[in-house]
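A.B. asks: Sharing a structure here in structure tokens format.
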Amino acid sequence: LFLTCFLLGLQLLFSQCPTVVWADEFSGTSLDVTKWNYQTGDGCAEGICGWGNAELQSYQQNNVTVSNGTLKITAKKERIRGTKYTSGRINSKAKGDFTYGRFEASIKLPLGDGLWPAFWMLSTNEVYGGWPQSGEIDIMEFVASDPSRILGYIHYGDLYPNNQSQGNTYTLQNGIFPDEFHEFAIEWEPGEIRWFMDGTLYSVKKTSDVDPFFWPFDRDFHF
């Protein structure tokens, strides 16, 4: 299951000039559809049943709620058109698309085997081809069965099954991520992406790291 849980204070800042140019503080009582799109179903309508990850859930709009200053996405054990679980998924495509800047969110992650939430970015226009040729930036992935560790990765290279990925992990010294909110961020500039957890730099990827493959991270991406 992919589950993006409890986002608070999602912001984009440009590192060269620390000015917020796009943000959602989730201060209302419903999702702001001027900034977000709902994604629903099991991926089959898009030609990628299981959303390309053998995911077990069907995404449903009702699993996405906003209240008390947080976005909440809830996974449920319930049957929808042959799937045994439901969850929620949203993106900012055509409503929040950016090349370079600082991207951050305060997130409280869930606890439970089978949950795999992600705060991530995809190419908006796929100018270099389909996934992963146009790139994917995983600001944070969390395998809930390993609750003290998060991952920050990039995906690139040739079409599946010759796709490529690399990244690093960050492990808490005390406690687990579901205990409280944490800030996950990247700073993205030409030829370099840096990953942060609560302000601590834990990974850097540069153009040279993907050699001999092409670095596609120079065009608009969305959350």
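A.B. asks: What is the packing order of peptides 170-179, 128-137, taking the mean over residues of other C-beta atoms within 10 Å and listing the highest first?
C.D. replies: 128-137, 170-179
A.B. asks: When the accessible area of segment 24-81 is computed with all protein chains present and a 1.4 Å probe, what percentage of it is carbon and sulfur?
C.D. replies: Roughly 48 percent of what the probe reaches on segment 24-81 is carbon or sulfur.
A.B. asks: Between Arg81 and Lys95, 0.36 nm times their residue separation minus their Cα-Cα distance comes to what?
C.D. replies: Additional length available on full extension: 2.1 nm.
A.B. asks: Let me ask something additional. Please work out how many pairs of lysine residues in the chain are eight or more positions apart (or on different chains) and have Cα atoms closer than 19 angstrom. Write out the running numbers ahead of the final one.
C.D. replies: Details: Lys35/Lys72; Lys35/Lys93; Lys35/Lys95; Lys72/Lys108; Lys76/Lys84; Lys76/Lys108.
Taking the Cα cut-off of 19 Å, the pair count is 6.
A.B. asks: Starting from the Cα gyration tensor of segment 88-189, take the square roots of the eigenvalues, sort them a ≥ b ≥ c, and report rounded, prolate or oblate (rounded when a/c is under 1.5, otherwise prolate if a/b is larger than b/c, else oblate).
C.D. replies: Verdict is prolate for segment 88-189.
A.B. asks: Between beta-carbons, use under 13 Å as the cut-off and find the net charge around Gly112, counting Lys and Arg +1, Asp and Glu -1.
C.D. replies: Net charge in that neighbourhood comes out at 0.
A.B. asks: How about segment 38-124: which trypsin sites (Lys or Arg not before Pro) there are in a DSSP loop, with at most 15 other Cβ atoms within 10 Å of their Cβ?
C.D. replies: Of the trypsin sites (Lys or Arg not before Pro), the ones in loops of segment 38-124 whose Cβ has at most 15 other Cβ atoms within 10 Å are Arg81, Lys95.
A.B. asks: What order, most packed first, do the peptides 185-191, 204-210 have when packing is the mean number of other Cβ atoms within 10 Å of each residue?
C.D. replies: Descending mean neighbour count gives 185-191, 204-210.
A.B. asks: Oh, and also: Report the calculated FRET efficiency for Glu189 and Asp32 (r = Cβ-Cβ distance, R0 = 30 Å), to the nearest 0.05.
C.D. replies: 0.60
A.B. asks: Still on this structure, please answer the following. Whole number in Å², please: accessible area per residue of the chain, 1.4 Å probe, ligands, DNA and RNA not counted.
C.D. replies: Working: 10570 Å² over 223 residues.
Solvent-accessible surface per residue comes out at 47 Å².
A.B. asks: Computed from the coordinates I sent, Rg and Dmax of the Cα atoms in Å equals one of (i) 18.8, 61; (ii) 21.8, 72; (iii) 16.8, 49. Tell me the label.
C.D. replies: Checked against the structure: label (iii).
The values are calculated or read from the model by the stated rules, or taken from the named source; none is laboratory data. Keep in mind it's a predicted model, so treat the numbers as computed, not measured. Cβ coordinates were reconstructed from backbone atoms using ideal geometry, including for glycine residues, and neighbour counts include every protein chain displayed. With ligands, DNA and RNA removed, areas are computed over all heavy atoms of the protein, side chains included. Shrake-Rupley method; radii C 1.70, N 1.55, O 1.52, S 1.80 Å.
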